[in-house]
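Any read-out appearing in this document is the output of simple, stated calculations on the displayed coordinates, not a laboratory observation. Computed from a prediction, not measured in an experiment: that's the story for all the values here. Neighbour counts are summed over all protein chains in view; Cβ atoms, including those assigned to glycine, are modelled from backbone coordinates with ideal geometry.
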Amino acid sequence: MTGTVAGPTAGGIRFDGVSVAYDGNTVLDRLHLTVEPGEVMALLGPSGSGKTTALRAVAGFVRPVSGRVLLGDRDVTALPPHRRGIGMVVQQYALFPHMRVRDNVAFGLKARKVDKPEITTRVAEALDLVGMSAYAARYPRELSGGQQQRVAIARALAVRPGVLLLDEPLSALDAQLRSGMLAELARLHRELPEVSILYVTHDQVEALTLADRIAVMDRARLQDCGTPQELYRTPRTRFTASFVGNANLLPVTAGSGSVSFAGHELELPIGEVAAGATATLCVRPHLVGLGDGPNALTGTVAEVQWRGSTHRLYADIDGHRVKADLRELREPPALGEKVTLHFAPEDAVLLPAVGPALQPAGGSHD
């Protein structure tokens, strides 16, 4: 490779107190976050949370007003995009309609002044990696949406980046194609373990499926960060609990070895919440059972939704709506019928109460 363009970037990504503002409005506020070498980090949050701005700061499309962006040990904050040595895939593919697939994939290599024999080799490798070798001579208009996105990924991989940025890459695809592309991206990660991936999405399923860790963002700030299992099973904030997966968030008062909810005494680990303090009980709907059991709650059926293999049951318990995802019921209870729900103490998490629960936009409430 010739010219002044940086080669493949190794060593991951680091946001060192990065802030971005437009016309005096802060859209990313003092972000401290590290993506380890070879890690897939998902930035998950509603629209306007700052996740895409963070990705654009890595790409070089926006300039922070403070803080630094580092790729490996290189401070790239002031470098233009073409000198950062990264690959990027956006949601609308951005393929050149007048170029054949092989020329689209070769575009970044030609811009980097790579020798022609090397371009031919890398294009073939990249197309093979995404299963598009047979389509090299086609134009984008002759491809499906999923195939176009594969070409866009091949173009990003052809430059052999150490860092790959994915900005809502599946949002333009239908549900079936999206599921297939998720599997393909997971496979690519296994085959390219040295590449650090920053994946922006508002879709919790994508984040839970692909990411080694998830950074949850809201209102321009990082709210939480952890593995998918940590954030799903033991969320640390009300926002995380409501945005990563679906959750019952119920107001409780802590007692001595128990909590009180709507006149029911519930047994569960108290954690750091002092006796007499208010808190929020988080329990996932699929962990709530129908009938007698530990931590029983009695109420009336407010709604029953059939979802194929499951029923979503909503019960009104003293003015609070509690939901349970149950294996398909042969005879669902009728509206207004009295029911008892229950959950195991170890399946609940107690969160500090810090005001009303946030209502995130996006794929959390279904």
Taking Ile317, Ile197, Ile13 and counting other beta carbon atoms within 10 angstrom, the fewest-first order is Ile317, Ile197, Ile13
Quick calc, segment 209-315, dipole around Cα centre from Cβ unit charges on Lys, Arg (+) and Asp, Glu (-), nearest 20 debye, gives 380 debye
Phi-derived 3J(HN,Hα) across segment 343-349 with the Karplus relation (6.51, -1.76, 1.60, θ = phi - 60°), rounded Hz, x for Gly and Pro, is 8, 6, x, 6, 8, 10, 10
Length gained, Ser179-Asp23, 0.36 nm per residue minus C-alpha separation, equals 52.3 nm
Mean Cβ-within-10 Å packing, highest first, puts peptides 175-182, 48-55 in the order 48-55, 175-182
Spelling it out for Thr310: with amide H atoms placed in the peptide plane at 1.01 Å from N, the residues 5 or more places away or on another chain with amide H under 5 Å from its amide H are Glu328
Per the Cα gyration tensor, segment 246-352 corresponds to an equivalent ellipsoid with semi-axes, largest first in Å, of 26, 13, 11
The exposure ranking of Glu331, Glu39, Glu265, fewest beta-carbon neighbours within 10 Å first, is Glu331, Glu265, Glu39
Which residues qualify? For Gly162, with a placed amide H closer than 5 Å and at least 5 residues away or on another chain, they are Thr9
If amide H atoms are modeled at 1.01 Å from N in the peptide plane, then the residues at a separation of 5 or more from Val62, or on another chain, having amide H under 5 Å from its own are Ala57
Which of Asp224, Asp174, Asp212 fluctuates most in a GNM of the chain (C-alpha springs under 10 Å)? That residue is Asp174
Length gained if Thr340 through Glu265 is fully extended, taking 0.36 nm per residue and subtracting the Cα-Cα distance, is 25.6 nm
For segment 13-230, the Debye formula with one identical point scatterer on each Cα and no solvent gives log10 I(q)/I(0) at q = 0.12, 0.15, 0.18 Å⁻¹ as -0.62, -0.96, -1.32
In whole µm²/s, the translational diffusion coefficient that Stokes-Einstein assigns to segment 245-296, given a Kirkwood hydrodynamic radius over C-alpha pairs, 20 °C and 1.002 mPa s, equals 184 µm²/s
Final fewest-first order of Met41, Met99, Met217 on the 10 Å Cβ neighbour count is Met99, Met41, Met217
